[in-house]
Amino acid sequence: MNVKSRVRLGAVVGAAALGVGLLAPAASADPAVGEYRQLAGVGSDTTQDVLNRLGAVIPDPDGVPDGQLIASYNATGTATIKTRATGCTINRPNGSSAGIDALRNAVLNNTGCLDFARSSRGPVDTTTTKLTWIPFAKDAVTIAVRSDSALNSSLDLTTAQLRDIYTCVKTTHNGVTLTPLLPQSGSGTRSFFLEKIGVTEAQLGTCVNGTVQEQDGTALDTAGDIAPYSVAQYIAQTNGVVTDRHGVTVLGKVNSVAPRNADGSLNTAFPYNRDVYNVVPTAKITGTTADANVVSAFVGTASKVCGQTPQIQAYGFGTLGTACGATALKGER
C-alpha cells in the first residue's frame, strides 16, 4: 500500500455546489503567516474545510486588524503552527483526538494558545466536565472502494461483514482479496467507525493498514482497498467545493442504506450518522469566566457558526436545527 497524504490547498465554494448558489473566494488552509485572530482551533480533518470557510466569512465583532473571528488550522501541513503573535508555536495536531489533547494542554498550562478543537467524535472520557462538545452539523461515515474494482459491484455490506473484514475474519469479497484501511491513530473518523462496527483497537486484525490520512481517496490504490469515508467530505470533494482527493473512489451502502439521497445530498438517516463538534473549555462558556467570543461563535442556535446554514450545507453536511449549539455534552477528552 502506497499511503498518500496531501495538504489541503483551501476551499472554493462554487455556484453549483449542492444548488446553494454560493460564489466564495478560496478559504486558505491556515490563516496567513502573521495573521492572528481571536479564536484559534485545530483538530479534525473532516471539518477543517468548513471551519476554514466559516473563519473566512464570520467577522470579528472586536475589530482586530484582519477583521475575522475564527482561525482554523489544518490537520496536515507544516510540522508546527503559530496561533498568537507572542509565543504559541505548537506542533500541528492531526485529527480529532490530537486536537482535543492540544486544547487540554493549553487549558492545563494556561497558555492561551488555543480556544477550540474540531472533532468528528464525541467524548471518550467523561470523568470530568472540563470540555464541552458543541455540535454544529451532521455527517455520516460509510465505506469507500475504487470504482474500477470488482468490489464496486453494487457494494452493500452489513455491519457484521464489516466487523469480520476489520478483524480479518473475512478476507475476500466478490473474488477480490481485501486490504482494509483505517485513518491514522487519533482520527475521529477512525474511532467512530470502529465503534459503529463493534471493533476495538485491540481487536483489529493484522491485515488492517491503519496509517492512511483520512478522507483521502487517492490512498486507495489497489483493487482490494476498502476504507471508511466521511460522506460530507466526499460530497464536498466531488462537487469541487474543496480540493478533490476522492481519486476514483465510490461510496457503498451499509445495511442496504445509501449514504446519499437521490439529489446527492447527505442522507441523515444513514446508519452510521454522527454529529460533528467544536470542543471548547467549559469554563469559557459558563459563569464569570465565560469568553464572549467563544459564546457568540459556538453556543446556541443564534451563534455565528449555527447561523451559517448555507455554508454548512455547501460543504456536504446536514444541519441540526434546534440541536445546533447545544452545550449538554461534556467530558475530559
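Give me the pairs: first residue in segment 31-60 and more than 28 Å from Ala140 (Cβ to Cβ) and of a type in the set (Ser, Thr, Tyr), second residue outside any loop (DSSP other than H, G, I, E, B) and modelled with pLDDT of 95 or more, beta-carbon distance under 8 Å, and six or more apart or on different chains, which are they?
Short answer, once both residue conditions are applied: Tyr36/Ala71.
Looking at segment 54-61, is at least one residue in contact with a helix residue (DSSP H, G or I) (Cβ under 7 Å, 6 or more places away or on another chain), part of a helix (DSSP H, G or I) and open to solvent by 10 Å² or more (accessible area, probe 1.4 Å)?
Yes, some residue in segment 54-61 is in contact with a helix residue (DSSP H, G or I) (Cβ under 7 Å, 6 or more places away or on another chain), part of a helix (DSSP H, G or I) and open to solvent by 10 Å² or more (accessible area, probe 1.4 Å).
Quickly run through segment 315-333 and pick out the residues that are closer than 20 Å to Ala232 by Cα, of a type in the set (S, T, N, Q) and touching a strand residue (DSSP E or B) at 6+ places or on another chain (Cβ under 6 Å).
Matches in segment 315-333: none.
Scan segment 175-208 for residues that are in contact with a strand residue (DSSP E or B) (Cβ under 8 Å, 6 or more places away or on another chain) and loosely packed, with under 15 Cβ neighbours inside 10 Å and jot them down.
Scanning segment 175-208 gives a single hit, Ser185.
Report every pair of residues separated by at least 6 positions or lying on different chains whose Cβ atoms are under 9 Å apart, first residue within segment 159-183 and in contact (Cβ under 8 Å) with a residue 60 or more places away in the chain and within 25 Å of Ser120 (Cβ to Cβ), second assigned to a loop (DSSP other than H, G, I, E, B) and aromatic (Phe, Trp, Tyr).
If the second residue must be assigned to a loop (DSSP other than H, G, I, E, B) and aromatic (Phe, Trp, Tyr), the pairs left are Thr159/Tyr272.
Is it fair to say Val248 is farther than 23 Å from Thr159 by Cα and surrounded by 18 or more Cβ atoms within 10 Å (Cβ to Cβ)?
Values: farther than 23 Å from Thr159 by Cα: yes; surrounded by 18 or more Cβ atoms within 10 Å (Cβ to Cβ): no.
No; evaluated as a whole, the condition is false for this residue.
Filter segment 296-316 down to residues that are β-branched (Val, Ile, Thr) and either open to solvent by less than 50 Å² (accessible area, probe 1.4 Å) or in contact (Cβ under 8 Å) with a residue 40 or more places away in the chain (or both) and give me whichever is nearest to Asn267 (Cα to Cα).
Residues of segment 296-316 that are β-branched (Val, Ile, Thr), as a first pass: 299, 301, 305, 309, 312.
Adding the requirement that they be either open to solvent by less than 50 Å² (accessible area, probe 1.4 Å) or in contact (Cβ under 8 Å) with a residue 40 or more places away in the chain (or both) leaves 299, 305, 312.
Numbers: Val299: 26, Val305: 22, Ile312: 15 Å.
Across segment 296-316, the extreme among qualifying residues is Ile312.
Tell me which of these Ser256 doesn't satisfy, since it passes every other one: (1) farther than 21 Å from Ile143 by Cα; (2) modelled with pLDDT of 95 or more; (3) open to solvent by 10 Å² or more (accessible area, probe 1.4 Å); (4) out of contact with any Leu (no Cβ under 9 Å at 6 or more places or on another chain).
Just one mismatch for Ser256, condition (1).
Open to solvent by 10 Å² or more (accessible area, probe 1.4 Å), under 25 Å from Arg53 (Cα atoms) and of a type in the set (S, T, N, Q): is that true of Asn293 in this structure?
Details: open to solvent by 10 Å² or more (accessible area, probe 1.4 Å): yes; under 25 Å from Arg53 (Cα atoms): yes; of a type in the set (S, T, N, Q): yes.
Answer is yes for this residue.
The values are calculated or read from the model by the stated rules, or taken from the named source; none is laboratory data. Bear in mind that the values here come from a model prediction, so they are computed numbers and not experimental data. Counting neighbours? That spans all protein chains shown, and the Cβs are built from the backbone with ideal geometry, glycine included. The protein model used for the area step is the full one, side chains on, heavy atoms only, and it has no ligands, DNA or RNA in it. Shrake-Rupley method; radii C 1.70, N 1.55, O 1.52, S 1.80 Å.
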